[in-house]
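Step one of this worksheet: look at the structure below.
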Amino acid sequence: MRILAVESSCDETAVAIVEDGRRVLTDCIASQVDLHRIYGGVVPEIASRKHIEAIYSLADQALEKTGLTRQDLDAVAVTYAPGLIGAVLVGVNFAKAAALALHKPLIPVHHIRGHIAANYLAFPELKPPFLCLVVSGGHTMIVDVKDYTQMEILGTTLDDAAGECFDKVARVLNMPYPGGAALDKASQNGDDTKYPLPRSKSGGNPYDMSFSGLKTAALNLIHHAEQIGESIDVESLCASFSAAVSDTLVPRVIQALKETGYNRLAVAGGVAANSRIRRDLTEAAKSLGAELYLPPLSLCGDNAAMIGAQGYYEFLAGNIADMNLNAYATKSILGEQL
Ligand code: KG4
Ligand code: ZN
């Protein structure tokens, strides 16, 4: 089954063709990052307009690159939530038009379910159930992936997402948007013990997390140094910050692995590219004897192939939309309106 998959929830316009949920025939991405960089973050109105400009030619490109015709496509899958509403709407409207014109099923895909499904593309042998750490720009959670479309959230951030904090701290350090990757790079030669930063402890659910205290502590440290004319060891601050984020995530995930009895852990989302988190998870999984699935960096960030992968399993589960499909800025991974 060949699915034309569409993703436009933030600042990447992407169209892919994926076969049987596992094989990427093509994954075409037009990134808007350079445009938003001058503003230090995504400007929603600009994002929507750029999606409209890019989406049609990306779809043509996807067909050209694979040598397929429109008739070779069996369904259209699209990110319908969550994201910048104007941006998601562009993809949803395009996908609706394509499905209508081709007389093919329209499959709505939750963006975070897509991130999890990136693992199916990277690891053909991976099948649910498994545990997944989701760390993106807007979401941070530990998910029990019981089946391809049946999930339970074991823990979540109570405030900021990990990616948001990386971006905020990087911005204050004058790194280009989106700052996570730049901060990661800068941390490579830093001393991760130089700046003591807090690790959150949550009183309630042991798998819940908090990052706002850590973010504020890092920002205060930078501003205070500026005020008293002290210079910051940027590399060490980045290393200390990355260590604090990782120390918030990894022990909870390991605890969840122990308690659920799963021995397979997958990681998903843009922050899954972080070298410190990857290293700590690798060590922790090894000492536990658990199988770790770390997607390649190209599949961590936003792309349409992951939407095609999840779309296949949504289709098999009967999750098909009609022309009333709407876009949603927020929606839980379980499909509930937030
Ligand atoms: O999953 P994603 O591409 O988009 C969302 O769905 O949000 O995640 C983007 C986030 C941004 O916050 C970006 O700074 C962060 O992932 N990111 C990283 C790294 N690469 C991307 N954060 C830390 N270290 C990285 N190497
Ligand atoms: Zn994403």
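The values are calculated or read from the model by the stated rules, or taken from the named source; none is laboratory data. These numbers come from a predicted model, not from an experiment. Neighbour counts are summed over all protein chains in view; Cβ atoms, including those assigned to glycine, are modelled from backbone coordinates with ideal geometry. We work out accessible area using only protein heavy atoms, side chains counted, and drop any ligands, DNA or RNA first. Shrake-Rupley method; radii C 1.70, N 1.55, O 1.52, S 1.80 Å.
Some notes on this structure:
- For the chain, the antiparallel share of DSSP beta bridges with both residues in that region comes to about 60%.
- Greater than 26 Å apart at Cα, pairs in Lys127/Lys215; Lys50/Lys168; Lys50/Lys215; Lys127/Lys201; Lys96/Lys331: Lys127/Lys215; Lys50/Lys215; Lys127/Lys201
- Cα gyration tensor shape for the stretch 34-176, rounded if a/c is under 1.5, else prolate or oblate: oblate
- The distance from the alpha carbon centre of the stretch 197-238 to that of the stretch 317-338 is 36 Å, rounded to a whole number.
- Gyration tensor (alpha-carbon) shape descriptor, the stretch 180-338, a/c threshold 1.5: prolate
- The stretch 114-184 and the stretch 1-40: distance between their alpha carbon centers, rounded to Å: 17 Å
- Distant-in-sequence amide H partners of Gly269 (H built 1.01 Å from N, under 5 Å): Val135
- Amide H contacts of Asp160 (H built 1.01 Å from N, in plane; Pro and chain starts excluded): Phe211, Ser212 sit under 5 Å, all sequence-distant by 5 or more or on other chains.
- Cα-Cα separations in the stretch 34-117 greater than 18 Å, expressed as whole percent: 52 percent
- Each listed q (0.09, 0.12, 0.13 Å⁻¹) maps to a log10 I(q)/I(0) for the chain, found by the Debye formula over equal Cα scatterers with no solvent: -0.47, -0.82, -0.95.
- Shape of the stretch 1-68, Cα gyration tensor, a/c cut at 1.5: prolate
- Note on the stretch 243-290 and the stretch 53-72: Cα centroid distance 38 Å, given to the nearest whole angstrom.
- The accessible area of Glu152, taken with all protein chains in place and a 1.4 Å probe, comes to roughly 80 Å².
- Accessible area of the stretch 200-338 belonging to carbon and sulfur atoms, whole % at 1.4 Å probe: 50 percent
- Placing unit charges on the Cβ atoms of the charged side chains and taking the dipole of the chain about its Cα centre, the candidate lying farthest along the positive direction among His223, Asn174, Pro295 is Pro295.
- Cβ-placed point charges (K, R +1; D, E -1), dipole of the chain about Cα centre in debye, nearest 20: 300 debye
- The stretch 181-287, accessible area per residue, ligands and nucleic acids excluded (1.4 Å, Å²): 47 Å²
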